[in-house]
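**Q** Take a look at the following structure, please.
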Amino acid sequence: MDIRYTPRKNFQFHAFLLFFVICNVQIGVGVFSYERYIYQVSGHDAWISVVLAGLITHLTVWLIVRMLERYGSTDLYGIHYDVFGKLAGTLLNCLYMLYYLCVTAIMMRNYVEVIQVWIFPDLPAWLVIVLLSLLTIYAGYGGIRVIIGMCVLGFIVILFTAFLFYSPLKYAIWTQLLPVMETDAWHVMNGAVRMGFSLSGFELILLLYPFIRNKERTMLHTQLGVACSNVIYLVTMIISIVYFSPSQLLRSIWPSINMLKIIKYPYLERLEFIVVSVWMLVALTGLLLNTWAITRGFKRMWNWNQKTMLVIVSIITVALSLSFEAHSQIAQMNKWIGKWNVALSFVYPMLLSCIVAIVFAFRRRKASSKGEGSR
Amino acid sequence: MKGLRFISVFVILLLLSGCLKTNVLERLSILVAIGYDAKEDNTFKVTAALMESQPDVKDMNRTVSVDAATSKGARRKMNEMLPHEIANGQLRVILLDRNIFRLKMLNEVDVLSRDPAFGDMVMVAIVDGSVQDLLTYPYKNKSNIGVTVNSLLDHNMKWNWGPLMTLHEFTHSRDIHTKELAIPMMKREGEEIALKGVALLHGDHIVGEATPREGYFLKTMKGEKTSFLYETVIKKSAMQASGMAQFLAMNDGKDEVKVVFHVIQSKGTIKLLDSQNIKFDVNLHIDMDIQEISERYSFEKTGAVEALKRQLSKELTAHLQQFLDKLRKVNSDCVGFGEKYRSLVPHTKLENEKWREAFPKSSIQGRVDIDIIRTGTIE
Amino acid sequence: MSVYSEQIQNQLKKLIHHSDGLVVKAIGKRIAVCYMTGMIDTAQLNLNLLGRLPVKEHIESLDKLLDYIAIGDCQRFEQLTDAVDKLISGFAIVTLEGANGGLLVNVVNIPSRSPGNAETESTIYGPMIAFTESMENNIALLRSYITSTDFMQEAIQVDSETGTLANMLYMKEEDASPFVEIIRKRIRKRKMKGLIGSPLFLQLLADNKYSLFPEMSLSERPDRTAQALLEGKVVVMVEGNSQVIIGPNAFIDFFHSVEDRYSTWGIGMFTRFLRTFALVLSIFLTPMYVAALTFHYEMIPMPLLEPLIISRSRVPFPPLIEALVMEISIELLREAGARLPTKVGQTMGIVGGIVIGQAAVQAGFTSNTLIMLVALSALGSFTTPNYMMGSSIRLIRFPMLIAAGFLGLIGIAFFTAFLCIHLLRMTSYGKPYMYPMYPPNKKGLIDTMLMTVPSLFSYKTDLASSNIRGWKTRLSRWFTSDSEAE
């Protein structure tokens, strides 16, 4: 495997499309339910946790992009090979691929659960999961450009849904945000860590980087994308704090959908039904990007055909996500994945960028000393 | 090719799964309003106003009543009586009678929000008297009682003094201890149904009632937009101080003047003056449009409008203070002074009973500022 | 008849498998003129060819013979076998005894009509003329719109037993070369049997045979075609077809009519928005009705609830069947109307529309509401300026409807997602189909979706803007002149 990799020109895309990708990969089905988990620890200061987590994300993205710029044109799989050698690199790559596999499965299951609870209690889970994976395969066959096209579409859906959250504001009690910083710093920090589960996914930039045409703009558009999803998370968090009473918020599993229940237009009511079903487009982008990341790994390491691998990966995810049924199981799985999320999209990339920085410094010194020696 | 193959797979899947439970509109008995009467043995009399379609039957409205211990039990019993399955998704109004509060059976209403079929804009109201009677009375001029009650409550909550009480608001206020409920109350009077006032709650008990005027104050203090036709009677003897008396054109011998004005805009601000002794200052600012004065009043003279303003301000301040005193007396903090206190004083950890004990002892000073924007089409 | 001409006749007869219609005329002893009857312009033949050829004089070579012929388009050929194809398409063959080969003289006159009004793409204003079946006339029409040396014409021949002639037209200056290359390659590589009409040609050139939407558009309007050429598109014109193939087309191009740019910017923009709205309406309206009435009765607002229940109360079918019946009957009406002569077709439409509509409600087949919705969505699909696209939209309504009937909103969302992916995957001559929505292009978005006035549009507008300044220039002038006065 070559460490540096430049794809053909017609597979490349412009950096500003990263904005949509990052937004979509960070905002998924999680945006319906995350408020509660943060509120559990940070209380009505949960929005501070969201801001804090957002800032940390910005920092992590900065580190990741800096690291990628050092290499020129490579992805995570290549960096692993370069830094850790073939054996350890393969192992780490497999870990990441396994992680993405689990994330895909849990994303599917979460979305299906939302549908089952809110729209069709008797809808068989396998049907939606199979339908979703059919869409994944169909779009995945179109390659990275189609996937990113879906991200643009998903972003439009997110944007329009975000406007719907204006309606609950009419019932807002703004004093519920006060007093600021009543929760102690430790709990706020804890909330920020929990936020990691929702914000993760941006590390996909590690894999998309070689495909960017104008790489010098990567930093700007990635940061903008992160900023956009941070704003959306912050706004929904604040709205749910001012809209719900504390115990309402703690009791409801999907506060964001609950908020939509209040919306009423003269020609249409109960928009949560539409939002939940249209959210399929947003959920799909997450699935697409994650499965793409996995198949990309196979392609990079062993040069296996991405299309066949996509089918195999989809079959595995279907089997995996069908293996849990009850809400408690899914919640357990979410918690478990959440821990890995924080580790693999925040802590590890930060660590890796430090290692890469050291390695590069070391190599430079070696090269220069060698140069001096020869002189 | 792939597209075709894809569609065929999709169709096969659909055929395999084509047994989802459907809710075809005309094969449902659609619940529009539901009412709960509590009985002494802690069971309910549940009355439902429904819409259902039956071919060749003109009347598609129906009301049924059942006895049940829980609301889900009532649902089951109603299903046994109805031609189609009962559907909750279009529920608009929940009516409760006074006994529910007396017998502490309010939790049944809370349970409703667990069902995703219910919307959060469902309105809650109290019926003075029996709910069953209100819903099942054979009205001559109302086709569907549920729809009627819904539109009656809807426009009064939106444009009038009726306090906004949706299911969301209901559970919200019940959940936090620093705010009490104020629920609109309605009554059947012969053929008609009318909104009578506002029930003030302390915890789960009805402790008092507020008049429409007080309802208006309540809404304004909460910061909700209301337009209101305010009627006030001013004693002529009380007019001297403000100087209003000298502008009355002719004296017809009556000793009071009736003034009606329309509230264009009003804004309420609550200030916490002293967190130790819990002192609040309530300030209402009202922009008004004079609609009616029972005697001829010379607006054109200098100072006339000022005098009227002073007089009305005094009157309204008195009315507001009266209402605030009443709230403290019955110990029903439906405005949310406690919420204000909690938000401004960090680390209070206001426990349930703590604020309820503190509220009657607090002192609240009300004041009303007035701006007369217009005097109608004549001066 | 001379011996020589009989020789030639025998040779030719053998080559055309003794088919009838061959005329061989001997001029003197050494010259023979051959042509197929019916394909030629008799007047020209008599006047400029037969009448001028020398009967008595001795002519040594074909070059000499050429001097006598008063027709410009003459070609030399070496073997009779090479000339047969031309003979069949209406050329006259002139041979000289002793000379090698002969001459092909163009006296072709294929029966054609004179240009009439555009039928399938009718507009209120703008030129009314439409292409005819004669390729030469069509090119002439186009050249009357674009008199530029950049206007390129390139003949292409397809590998098919019909040997249909086609021309590829493009502007040299606009960057059409990649598409031209793609078309050349496809024509070379692909084969198709029975290639007669331009719609079949369109399929031959398509990127993906199984796409649900047309990738290129057919047009019978010279002004539309000229506009497409100026936008840098490639036009393929097929002999014997009044419709030309315009490509590459993006999805949005199918919803543009030439009229948009003829009207003022406000009206043009409004009609474009209206068409987009109609598209959404015709795809989603009936499926939403089916989904709401089958699964999501919660979504119906209170004031609509009662009328809906009343209108549905007598219908014995589930909403899906009800909607399918209505949609299919509308399609039947459309199809019957299209097959019948215009006058009968109109009557058909009225009778079918009113009678079936009324009777269906009274018989309890459908509800009033649905009839209105179905009619609205059918209308919506007919607003699409391109008929092929309109048909595609009507077609995709059916799977959408079925999806809605089985899975409600989830079904609709699923099928929408499928359609979106499909559209994103599609290309037209290798160009993304969803451009400028995806890949997003700010300028393209403004140009195609908002601006309809050529002066605001990214045309070469040097002529238009030479005297008129934009408001910014005027404003800056005003300010600068003011400061100079100080």
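**Q** What are the residues in the stretch A:1-47 that are part of a loop (DSSP other than H, G, I, E, B), within 14 Å of chain C (Cβ to nearest Cβ) and hydrophobic (A, V, I, L, M, F, W, C), if any?
**A** Selection gives A:15, A:16.
**Q** Can you pull out every residue in the stretch C:363-390 that is open to solvent by 40 Å² or more (accessible area, probe 1.4 Å), under 30 Å from residue C:118 (Cα atoms) and part of a loop (DSSP other than H, G, I, E, B)?
**A** Correct list: C:383 only.
**Q** OK, next. Search the stretch A:135-150 for residues being farther than 20 Å from residue A:22 by Cβ and in contact (Cβ under 8 Å) with a residue 12 or more places away in the chain, and hand back the single one that is farthest from the other protein chains (Cβ to nearest Cβ).
**A** Here the residue is A:137.
**Q** Any idea which of B:206, B:264 is part of a strand (DSSP E or B) and assigned by TED's automatic domain parsing to the domain that holds residue B:96?
**A** B:206
**Q** For the stretch C:79-101, which positions are over 39 Å from the mean Cα position of the chain (by Cα) and open to solvent by 20 Å² or more (accessible area, probe 1.4 Å)?
**A** Hits for the stretch C:79-101 are C:97, C:98, C:99, C:100.
**Q** Tell me, please, whether a residue that is in a helix (DSSP H, G or I), under 27 Å from residue A:150 (Cα atoms), touching a residue at least 12 places away in the same chain (Cβ under 8 Å) and in contact with a Gly (Cβ under 8 Å, 6 or more places away or on another chain) can be found in the stretch A:67-86.
**A** For the stretch A:67-86, residues in a helix (DSSP H, G or I), under 27 Å from residue A:150 (Cα atoms), touching a residue at least 12 places away in the same chain (Cβ under 8 Å) and in contact with a Gly (Cβ under 8 Å, 6 or more places away or on another chain): present.
**Q** Looking at the stretch A:111-132 only, could you name the residues that are free of Cβ contacts under 8 Å to residues at least 24 places away in the same chain, over 16 Å from residue C:417 (Cα atoms) and more than 9 Å from chain B (Cβ to nearest Cβ)?
**A** A:116
**Q** Right, here's the next one. Looking at the stretch A:307-327 only, could you name the residues that are open to solvent by less than 50 Å² (accessible area, probe 1.4 Å) and either within 22 Å of residue A:153 (Cβ to Cβ) or not hydrophobic (A, V, I, L, M, F, W, C) (or both)?
**A** Hits for the stretch A:307-327 are A:310, A:314, A:317, A:321.
**Q** Also, quick follow-up: Pairs needed: first member in the stretch A:151-169, within 13 Å of chain C (Cβ to nearest Cβ); second member anywhere, aromatic (Phe, Trp, Tyr); C-beta distance under 6 Å; at least 6 residues apart or different chains.
**A** Short answer, once both residue conditions are applied: A:151/A:20; A:152/A:20; A:152/C:438; A:155/A:20.
**Q** Touching a residue at least 40 places away in the same chain (Cβ under 8 Å), of a type in the set (A, V, I, L, M, F, W, C) and open to solvent by less than 70 Å² (accessible area, probe 1.4 Å): does that describe residue B:229?
**A** In short, no.
**Q** Working only within the stretch C:358-380, note down all residues that are of a type in the set (Gly, Ala, Ser), more than 30 Å from residue A:127 (Cβ to Cβ) and away from every other protein chain (no Cβ under 14 Å).
**A** If the condition is that a residue be of a type in the set (Gly, Ala, Ser), more than 30 Å from residue A:127 (Cβ to Cβ) and away from every other protein chain (no Cβ under 14 Å), then C:359, C:360, C:375, C:378, C:380 are the ones that fit.
**Q** Pairs under 7 Å by beta carbon, first residue free of Cβ contacts under 8 Å to residues at least 60 places away in the same chain and closer than 18 Å to residue C:224 by Cα in the stretch C:254-280, partner outside any helix (DSSP H, G or I) and open to solvent by 80 Å² or more (accessible area, probe 1.4 Å), six or more apart or different chains?
**A** none
**Q** Okay, next question. Here is a check on your reading of the model: is residue C:281 out of contact with any strand residue (DSSP E or B) (no Cβ under 9 Å at 6 or more places or on another chain) and either within 14 Å of chain B (Cβ to nearest Cβ) or open to solvent by 30 Å² or more (accessible area, probe 1.4 Å) (or both)?
**A** So residue C:281 fits the description; yes.
**Q** Being farther than 22 Å from residue C:85 by Cα and either under 39 Å from the mean Cα position of the chain (by Cα) or buried (at least 18 other Cβ atoms within 10 Å of the Cβ) (or both) narrows it down to one of C:40, C:31, C:27, so name that one.
**A** Only one candidate passes the filter, namely C:27.
**Q** Continuing with this model, one more query. For the list (1) modelled with pLDDT under 90; (2) in a helix (DSSP H, G or I); (3) more than 13 Å from chain A (Cβ to nearest Cβ), I need the number of the one condition that residue C:393 fails.
**A** Answer for residue C:393: the failing condition is (1).
**Q** A further question follows. Among the residues of the stretch B:60-80, what is the count of those that are away from chain C (no Cβ under 11 Å) and not in a strand (DSSP E or B)?
**A** Counting residues in the stretch B:60-80 that are away from chain C (no Cβ under 11 Å) and not in a strand (DSSP E or B) gives 12.
**Q** Would you mind finding the one in B:287, B:255, B:281 that is in contact with a strand residue (DSSP E or B) (Cβ under 8 Å, 6 or more places away or on another chain), within 18 Å of residue B:315 (Cβ to Cβ), surrounded by 15 or more Cβ atoms within 10 Å (Cβ to Cβ) and among the charged types (D, E, K, R)?
**A** Answer to the check: B:287.
**Q** Does residue C:398 count as surrounded by fewer than 24 Cβ atoms within 10 Å (Cβ to Cβ) and either more than 11 Å from chain A (Cβ to nearest Cβ) or among the hydrophobic types (A, V, I, L, M, F, W, C) (or both)?
**A** Yes, satisfied.
**Q** Okay, next question. Would it be correct to say that residue A:50 is under 18 Å from the mean Cα position of the chain (by Cα) and either in contact (Cβ under 8 Å) with a residue 60 or more places away in the chain or within 14 Å of chain B (Cβ to nearest Cβ) (or both)?
**A** yes
The values are calculated or read from the model by the stated rules, or taken from the named source; none is laboratory data. Since the structure is predicted, the reported quantities are computational estimates derived from the model, not experimental observations. Virtual Cβ from ideal backbone geometry, glycine too; neighbours counted across all protein chains shown. Areas reflect the complete protein model, heavy atoms only, side chains present, ligands, DNA and RNA absent. Shrake-Rupley method; radii C 1.70, N 1.55, O 1.52, S 1.80 Å.
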